[in-house]
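A.B. asks: This is the structure I want to talk about, given as structure tokens.
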Amino acid sequence: MDDDMMFDVSLENYRHRQVSFYREMAAQAIWQPKEEGLREICGVLEQHISPTSDKSRIWQQLQHYSQFPDFNNYLAFIFAHAAEGKSVEIRQAAGLLLKNNLRSAFNSIDPAYQQYIKSELLPCLGAADRHIRTTVGTIISVVVQQGRISGWLELLQVLVQCLDSNDINHMEGAMDTLLKICEDIPQELDSEVPGLVESPFNVFLPRLLQFFQSPHASLRKLSLASINEFIMLMPTALYLSMDQYIQGLLVLAHDPVAEVRKLVCSAFVQISEVNPSFLEPHLRKIIEFMLQSNKDTDDEVALEACEFWTAYCEAHLNPELLREFLPHLIPVLLSNMVYAEDDESLIDAEDDESIPDRDQDLKPRFHSSRHHGSEDMNDDDDDSLNIWNLRKCSAAGLDILSDVYGDEILPTLMPVVQAKLSTSDDGTWKEREAAVLALGAIAEGCIRGLYPHLAEIVEFLIPLLDDKFPLLRSITCWTLSRFSKFVVQGVSHEKGYEKFNKILMGLLRRILDTNKRVQEAACSALATLEEEAAEQLAPHLEVILQHLMCAFARYQRKNLRIVYDAIGTLADAVGEELNQARYLQILMPPLIAKWQHLSNSDKDLFPLFESFTSIAQALGTGFFQFAEPVFQRCINIIQSQHMAKVDPISVGVKYEKDFVVCSLDLLSGLAEGLGSGIESLISPSNLRDLLLQCCMDEAPDVRQSALALLGDLARVCPGCLQPRISEFLNVAVKQLGTSELREPISVANNACWAIGELAVKVHQEVSPIVITVISFLVPILKHTEDLNRSLVENGAITLGRLALVCPEIVSPHMEHFMQSWCTALCAIRDDVEKEDAFRGLCAIVKANPSGALNSLVYMCKAIASWHVMSENLQNEVRQVLHGYKQVSIILSLSLSLLMIGDGAWEQCLSALDPPAKENLSKYHM
């Protein structure tokens, strides 16, 4: 069946039918506009587009009109009809207002009026004015989003008519509309539509591919952009047409229009991310095109091409082939790493610290909820809201090339870098800056080749910290931070310590720079150095704190957030070393003054709370002298936010969940720092009731932080959760349901961890929920590839803790999870939580020895994963292993004897690798 029959379209008499069809529709329409209403609305629209009009008054008038059920009909009529004296601007204003109204209320409009609006929109697809064609595409896309394709099959007929019409206005109008639908709801075009034999995309794809050869640049661009929207979805039709598509891309690679070439680059990048094998037969041509495009005079083309190198490496495409091009590619990347004349960074490079930050300079701050586990699930990138440009993309490309090719790139790269660094005149500072950026980009990937020269590199970079150009000072801070891990590794040697000390003092000097950009870079670099150096910073604590608190007093709001981060990171790094009176005298008074100055609804509290969280954990019981007002303020904020959720007017604050999340996390920090000492703060408070409310909150990040606090309190003072422990357990269990795991993985992770913490403290009180928890944990352990590692590890630990306290409940079910459980236990680092899990393993094996018979190899591998095991656990493990090797096991069901003889045991050992066998030997096996 051809496309014409499918859409019930006859294309022979297209123009005649189109005109007669719409005349007939208009004649049949019940609704007709009134002249007075048209004049009045057009008058308001004319004022609406006037730059000198009273916008609030006009908005009130439009809101008044919107109460009339046929207001949108008037807008559609005004938009669609080029009546005398009605400008394109007024028609366009009517169309945009119509679009906004339909987005919010289309499905509540009378069906007859819906049909009228649709009938007025379709003829505009071929409007002579391009602005009308563009606007109608936007409106139609909104209608399709609200009513779906199945609610407007006539649209598909008309789009096909327009595409096949050979009239440039109709073709362009239809293509522009189709692109907007592809951008907004591509899956709608790839879905089955009742009444159609094929999906709309299957019908449109051949036409889109045909437009690649159109003499009209607009059609080439629109058709290519439309197909590109489906690469990630990869419909069957596109998959089967991929060779034709790629051949078309290779032709369009030579297109004279930059926008088309940009779309070609984007297509190749997306294909490499989705199914790189499609590119393999054409890789040489594609690399050559991308390399040429990376030098394009159009920055947008060059940027899109530059994305390809990261995508290529991440897709593990042929490294040998790309290796041939490295001598040409690396100089291009270096050239593109030089600041462009219009780079926004050059504009604010001279920002002086005395100039207050504008509100628009401050990025929105989103507090990350507390997470318990082996890795951070919130991969926050501080740079995520900055503008991505060719310079940054080129540096990222060089970074990943250094990861793949390592020191191989140095012979090509370093002569160019050294040549740029050898210049000294003011006119070439951007070249020097790009060279320093390049050194930072390759710091990790090429470290083997650079490490012997690390002292020289540091010696060269340190003076640049005092360069007259702020952006050169700031990039030097970043590059030094990239080498900090390797500098710290050599700190035990005298020369290594000298390097470390020079970097530390250089960064501290720049923290007090008068330029905001340099302050930001230096503070961030110091935080990185703090993470790497950890306790080795202890001898330098006083001078670091002095500089940080001096910056704290000087910085404007934006950079103050980074100081908070550096303070928190320092506390995490040095821990209890911070708990000395001389250090606290420097650190705490300014923070407490700021704490007292900020109101409970000020978002500047967020970074301060985060700092206090780290400080409380570091100081431990030493924080008790500051704890009472901190604790009470957290309670007050949570309480007021709960009230604001119900009645913000009477409370006087707007509900914002981040205040609740931040307060819960600071309470967790207090619990971790004060330990059981926090009980004296909790007893007179209503924290228990507030916490239970938060554990049931509709916001996932509130539940995540609440469950983290629940686990922390269970660990240090479980008594303060009584008499509501069973309620807490039931709420936590609900977070493990499979429907809950689709989105907030971190919530399930913290719930799982909290259940385990409660289990080892309250013992038999968890027995009512054990079977339910196991039923949720077993699928997690069996499908680890689809889930976050931290959730799997916490699942394995919690299962072990339940086994430890309720072996009689867990052991009958062990055959169903032993293998996947033991596999998960292998990946967990040695600590007290892992020890609990293994004690649970020993407990259920003793209770049901036959349940582990088919999993002996897995159990031995798990035991062998230990590096350092406590003596008590060693004894328990030894008993279990010797029991399987030498003792007769009575199977309760058959009452027969089963002997694990030497042959079977040897067979088990033979399945282990040599390191595992060696680890087992310590148990005299």
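The values are calculated or read from the model by the stated rules, or taken from the named source; none is laboratory data. Keep in mind it's a predicted model, so treat the numbers as computed, not measured. Here Cβ is always computed from backbone atoms with ideal geometry, including for glycine, and neighbour counts include all displayed protein chains. For accessibility, only protein heavy atoms count, side chains too; no ligands or nucleic acids. Shrake-Rupley method; radii C 1.70, N 1.55, O 1.52, S 1.80 Å.
A.B. asks: Once the other residues with Cβ under 13 Å from the Cβ of Lys654 are scored (Lys, Arg +1; Asp, Glu -1), what is the net sum?
C.D. replies: -1
A.B. asks: Round to the nearest 10 and give me the degree value, 0 to 90, for the angle of helix 283-293's Cα axis relative to the longest principal axis of the chain.
C.D. replies: The helix 283-293 is inclined about 70 degrees to the chain.
A.B. asks: Roughly speaking, to the nearest percent, how much of region 36-99's 1.4 Å accessible area is carbon and sulfur?
C.D. replies: The computed percentage sits at 53.
A.B. asks: Further question: Please give the solvent-accessible surface of Met505 in Å², to the nearest 10, using a probe radius of 1.4 Å with every protein chain present.
C.D. replies: Around 70 Å² of this residue is reachable by solvent.
A.B. asks: Within 14 Å, Cβ to Cβ, of Arg801, how many net charges do the neighbouring residues add up to if Lys/Arg are +1 and Asp/Glu are -1?
C.D. replies: -3
A.B. asks: Right, another one. What is the percent carbon and sulfur in the accessible area of region 216-284, measuring with a 1.4 Å probe over the protein chains and ignoring ligands?
C.D. replies: Carbon with sulfur: 53 percent of the solvent-accessible area.
A.B. asks: Let me ask something else about it. If I model a spin label at Ser277 and Ala112 as a point 7 Å from the Cα along the Cα→Cβ vector, what separation in nanometres do I get?
C.D. replies: With each label point 7 Å from Cα toward Cβ, the separation is 5.8 nm.
A.B. asks: Go through region 861-873 residue by residue and turn each phi into a ³J(HN,Hα) via Karplus (6.51, -1.76, 1.60, θ = phi - 60°); whole Hz please, and just put x for glycine and proline.
C.D. replies: Couplings: 5, 5, 5, 5, 6, 6, 9, 10, 10, 5, 4, 4, 5 Hz.
A.B. asks: Take the Cα of Glu459, step 7 Å along the line toward its Cβ, and report every residue of region 482-504 whose backbone nitrogen sits under 16 Å from that point.
C.D. replies: Only 494-503 fall inside the zone, counting backbone N under 16 Å.
A.B. asks: Leaving out ligands and nucleic acids, and using a 1.4 Å probe, what accessible area per residue does the chain come to in Å²?
C.D. replies: I get 44 Å² per residue for the chain.
A.B. asks: Using a Förster radius of 56 Å, what is the FRET efficiency between His81 and Ile771 based on their Cβ-Cβ separation? Nearest 0.05, please.
C.D. replies: Rounded to the nearest 0.05, the efficiency is 0.20.
A.B. asks: Something else now. Kindly rank 420-429, 248-257, 441-450 from highest to lowest mean number of other beta carbons found within 10 Å of each residue.
C.D. replies: 441-450, 248-257, 420-429
A.B. asks: Over what distance in Å are the Cα centres of region 231-292 and region 400-433 separated?
C.D. replies: Computed from Cα coordinates, the inter-centre distance equals 31 Å.
A.B. asks: At 1.4 Å probe size, put His540, His328, His216 in order of accessible surface, largest to smallest.
C.D. replies: Accessible-area ranking of His540, His328, His216, largest first: His328, His216, His540.
A.B. asks: Something else: Helix-only mean residue ellipticity at 222 nm, the chain, DSSP H runs n ≥ 4 weighted -39,500 (n - 2.57), per residue, nearest 500. What is it?
C.D. replies: Dividing the helical sum by the residues of the chain leaves -21000 deg cm²/dmol.
A.B. asks: Still on this structure: Accessible surface of Ile649 in the full protein assembly, 1.4 angstrom probe, to the nearest 10 Å²?
C.D. replies: Approximately 150 Å² of Ile649 is accessible to the 1.4 Å probe.
A.B. asks: While we're looking at this one, here's another question. Treating the angle as unsigned and between 0 and 90°, give the value, to the nearest 10°, between the Cα long axis of helix 168-184 and the longest Cα principal axis of the chain.
C.D. replies: Computed tilt is about 20 degrees.
A.B. asks: Using Cα atoms only, what is the angle between the long axis of helix 299-314 and the major principal axis of the chain, expressed in degrees (0 to 90) to the nearest 10?
C.D. replies: Compared with the principal axis, the helix lies near 40 degrees.
A.B. asks: Let me ask something else. Suppose the chain between Asn166 and Asn854 were pulled fully straight at 0.36 nm per residue; how much longer would it get relative to their current alpha carbon spacing?
C.D. replies: Working it through step by step, the gained length comes to 240.5 nm.
A.B. asks: Next up: If I ignore ligands, DNA and RNA and count only protein heavy atoms, how much of Glu835 is accessible to a 1.4 Å probe, in Å² to the nearest 10?
C.D. replies: Here the accessible area works out near 40 Å².
A.B. asks: Right, another one. Do any of Lys468/Lys502; Lys118/Lys657; Lys645/Lys782; Lys558/Lys657; Lys495/Lys834; Lys485/Lys922 go past 30 Å between their Cα atoms, and which?
C.D. replies: Result: Lys118/Lys657; Lys645/Lys782; Lys495/Lys834; Lys485/Lys922 exceed 30 Å.
A.B. asks: At 1.4 Å probe size, with the rest of the protein present, what percent of the exposed accessible area of region 464-573 is carbon and sulfur atoms?
C.D. replies: 49 percent
A.B. asks: Between region 474-539 and region 300-318, what is the separation of their alpha carbon centroids in Å?
C.D. replies: Using only Cα atoms to place each centre, the spacing works out to 32 Å.
A.B. asks: Now for a different question. For region 641-773, what is the relative contact order in percent, using Cα pairs closer than 8 Å and at least 6 residues apart in sequence?
C.D. replies: 23 percent
A.B. asks: Provide the net charge surrounding Asn600, with neighbours chosen by a C-beta distance below 13 Å and charges set as Lys +1, Arg +1, Asp -1, Glu -1.
C.D. replies: Residues near Asn600 contribute -1 overall.
A.B. asks: Can you give me the Cα centroid spacing of region 782-861 and region 182-228 in angstrom?
C.D. replies: If we compute the Cα centre of each part, the gap is 52 Å.
A.B. asks: Sorted by accessible area (1.4 Å probe), largest first, how do Asp712, Asp831 line up?
C.D. replies: Solvent-accessible surface, decreasing: Asp831, Asp712.
A.B. asks: Quick check: pseudo-label points 7 Å beyond the Cα along Cα→Cβ at Asn872 and Ala258, how many nm apart are they?
C.D. replies: 7.1 nm
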